[in-house]
1. Can you pull out the residues in segment 111-130 that are surrounded by fewer than 22 Cβ atoms within 10 Å (Cβ to Cβ) and in a helix (DSSP H, G or I)?
2. Note down all Cβ pairs under 6 Å where the first residue falls in segment 162-177 and is free of Cβ contacts under 8 Å to residues at least 24 places away in the same chain, the second is hydrophobic (A, V, I, L, M, F, W, C) and not in a loop (DSSP other than H, G, I, E, B), and they're at least six residues apart or on different chains.
3. Collect the residues in segment 161-193 that are closer than 16 Å to residue 138 by Cβ and not in a helix (DSSP H, G or I), keeping them in residue-number order.
4. Given 93, 34, which one is in contact with a helix residue (DSSP H, G or I) (Cβ under 8 Å, 6 or more places away or on another chain) and at pLDDT below 80?
5. Taking residue 6, is it within 13 Å of the chain's Cα centre (by Cα), in a helix (DSSP H, G or I), of a type outside the set (Ser, Thr, Tyr) and at pLDDT 60 or above?
6. What about residue 155, is it of a type in the set (Asp, Glu) and closer than 30 Å to residue 61 by Cα?
7. Hey, among 84, 78, which residue is on the phi > 0 side of the Ramachandran plot and either under 19 Å from the mean Cα position of the chain (by Cα) or modelled with pLDDT of 60 or more (or both)?
8. Just the residues that are modelled with pLDDT of 95 or more and not hydrophobic (A, V, I, L, M, F, W, C), please, taken from segment 111-123.
Amino acid sequence: MPKIEQAKKFIESLSEQDLSDDELLAKTNKFFSENCSEIDAEFVDKLLSSKAEGLNVGFELMEEYAYKGSPAAQLAIGALKLEGKGVVMNVHEAIFWLKRSFIGKNPKSGFLLFSVYANGIGVSENMVKAREYLKGSADMGVPKAQYYYAGMLLEGEGGEIDEELAIDYMFLAANSGYEDAITFLKDNELIET
């Protein structure tokens, strides 16, 4: 099952004192490249300004922007609360923030919500909900989500089997360079080796 490693690495990088501003900017740009809105851009600017001033970025800044509607800040808060990283672990609040982030079209939040529901983290396992959130991330262009969603379609996890649609999503993931999807398509002789 997918993990929240990417979000965790991003959050951890914000508090690392040995990162240069250029390194922090590069990491931030990569993380937000798929979903940067105006409020997210403002949030990132505040993070970078705080880092440039030598300040340790706090939970309060993330929370402030989460309440202002930044899907990126909402994702960060949700990931922190889900893991209990630097804050009290609270899965129900994590899910609340991840859902807000998903509504704000953050592609990574749907992937985290997929993990929550597929693994029954703080909730009853629910493959139907897991599949819905995974589809949302897949439709927002996350290659790993496209691959996992294709697998759910092939296996009928959380819904009907749809092999034709599964292959479409597998090709989307492969066209984005996702190696597992490329391997699947080669192994099933759907593309040349």
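The values are calculated or read from the model by the stated rules, or taken from the named source; none is laboratory data. Keep in mind it's a predicted model, so treat the numbers as computed, not measured. We place every Cβ from the backbone using ideal geometry, glycine too, and count neighbours over all the protein chains shown.
1. Residues of segment 111-130 surrounded by fewer than 22 Cβ atoms within 10 Å (Cβ to Cβ): 115, 119-129.
Hits for segment 111-130 are 115, 119, 127, 128, 129.
2. So the pair list comes out as 162/153; 165/153; 166/150; 166/153; 166/154; 174/181; 174/182; 174/185.
3. 162, 176, 177, 178
4. Values: 93 fails: at pLDDT below 80.
Selected residue: 34, the only one of 93, 34 that is in contact with a helix residue (DSSP H, G or I) (Cβ under 8 Å, 6 or more places away or on another chain) and at pLDDT below 80.
5. Values: within 13 Å of the chain's Cα centre (by Cα): yes; in a helix (DSSP H, G or I): yes; of a type outside the set (Ser, Thr, Tyr): yes; at pLDDT 60 or above: no.
No, not satisfied.
6. Working: of a type in the set (Asp, Glu): yes; closer than 30 Å to residue 61 by Cα: no.
Judged against the criteria, residue 155 is not a match.
7. Numbers: 78 fails: on the phi > 0 side of the Ramachandran plot.
Within the list 84, 78, the selection yields 84.
8. 115, 117, 119, 120
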